[in-house]
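Colleague: Let me give you the structure first, and then I'll get to my questions.
All of the numbers you see were taken from the coordinates with simple rules; none came from a lab. Computed from a prediction, not measured in an experiment: that's the story for all the values here. Here Cβ is always computed from backbone atoms with ideal geometry, including for glycine, and neighbour counts include all displayed protein chains.
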Amino acid sequence: MLKKIKRYIYNFFHPVIGEVWELHRVTENHADTALQRTYEITPARLRFLITEYLEKGYIFISMNQVRKVICGEEKLAHKFVAITLDDGYRDNYEVAYPIFKKYQIPFCVYLLQNEVSGVVQGNYPMLTYEQIKELDKEPLCTLGCHTYSHPRLAELNNEDQYREITTCHKWLETLLNHPIVDFSYPFGSFNQDTIEILKMMGIRQCAMAWGGEVRGRKTSPLMIPRVLVTEKDISK
Ligand SMILES: [Zn+2]
């Protein structure tokens, strides 16, 4: 009972204002292990969730808009959802993109540098340069950095963190010829050094790998919480 009251009071003072969904692969193929399945959903599940949230009255916005909302620069009349996809798998382009296009929903893809251009990561092909460039032309899509090689940044010294972030950032800005201001922490791992480097690089909004819903307006734009979207609770 006390727990319930505490929860009620917490929710009252920290109301949920939206959700940032964390996706990886979107595919019909079923992965072999439960761990792999944590990192993929089917297109049917994605469509189901989008429809469900639209029916509930949520609006779908970009990560740039999420920053504006949590910084108080923009006011929304409804709760929001922002969709993000980590790592840059090819199915993001082939399977997920047509769904976002159909529903006219913004989405953000965080790219690793050393896994692009069709290189296979595990058994999964990554986006090609052509696909990245095409996504960049799509007004619904934002491209962001996810480091060079997907390390746990908090376990690296300052110099190595700097290299991991700036190498990927410079590569993407050069490839696309415009500033890149979005970032997501591999494994959600970061420390104060990471934040300082990101600020220096002109990154404006960063996605964590945990944290649940976005509550209130006290959230830092460099520590935006996310909800991991999985296949399993489709029946709920
Ligand atoms: Zn990742």
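Colleague: Quick test of your reading of the structure: A82 fulfils all but one of (1) part of a strand (DSSP E or B); (2) within 16 Å of the ligand (Cβ to nearest atom). Name the failing condition by number.
Modeller: (2)
Colleague: Could you check the stretch 117-170 and list, in sequence order, the residues that are part of a loop (DSSP other than H, G, I, E, B), of a type in the set (V, I, T) and closer than 21 Å to P106 by Cα?
Modeller: Hit for the stretch 117-170 is T128, nothing else.
Colleague: Looking at the stretch 32-55, which of the residues that are acidic (D, E) and either outside any strand (DSSP E or B) or over 19 Å from the mean Cα position of the chain (by Cα) (or both) is surrounded by the most Cβ atoms within 10 Å (Cβ to Cβ)?
Modeller: E52
Colleague: Which count do you get for residues in the stretch 98-112 that are surrounded by fewer than 24 Cβ atoms within 10 Å (Cβ to Cβ) and either within 11 Å of the ligand (Cβ to nearest atom) or assigned to a loop (DSSP other than H, G, I, E, B) (or both)?
Modeller: Residues that pass the stated criteria total 4.
Colleague: Next question. Any idea how many residues of the stretch 48-68 are farther than 26 Å from Q205 by Cα and either among the aliphatic types (A, V, I, L, M) or without any contact (Cβ under 8 Å) to a residue 60 or more places away in the chain (or both)?
Modeller: Going through the stretch 48-68 one residue at a time, the tally reaches 4.
Condition check ((1) surrounded by fewer than 14 Cβ atoms within 10 Å (Cβ to Cβ); (2) away from the ligand (no atom under 16 Å from the Cβ)) across all residues:
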residue	(1), (2)
W171	no, yes
L175	no, yes
H178	yes, yes
V181	no, yes
P186	no, no
I197	no, yes
R215	no, yes
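Colleague: Against the definition (surrounded by 21 or more Cβ atoms within 10 Å (Cβ to Cβ), closer than 26 Å to E138 by Cα, touching a residue at least 60 places away in the same chain (Cβ under 8 Å) and in contact with a helix residue (DSSP H, G or I) (Cβ under 7 Å, 6 or more places away or on another chain)), how does V95 come out, yes or no?
Modeller: no
Colleague: On the given criteria, is N29 part of a loop (DSSP other than H, G, I, E, B) and closer than 26 Å to F187 by Cα?
Modeller: yes
Colleague: Determine which single condition E19 fails, assuming it passes every other condition in (1) more than 16 Å from the ligand (Cβ to nearest atom); (2) charged (D, E, K, R); (3) crowded, with 18+ Cβ neighbours inside 10 Å; (4) assigned to a helix (DSSP H, G or I).
Modeller: Every condition holds for E19 apart from (4).
Colleague: Which residues, taken from the stretch 124-145, are over 15 Å from E94 (Cα atoms) and either hydroxyl-bearing (S, T, Y) or surrounded by fewer than 15 Cβ atoms within 10 Å (Cβ to Cβ) (or both)?
Modeller: Listed by number, the residues that qualify are K137, P139, T142.
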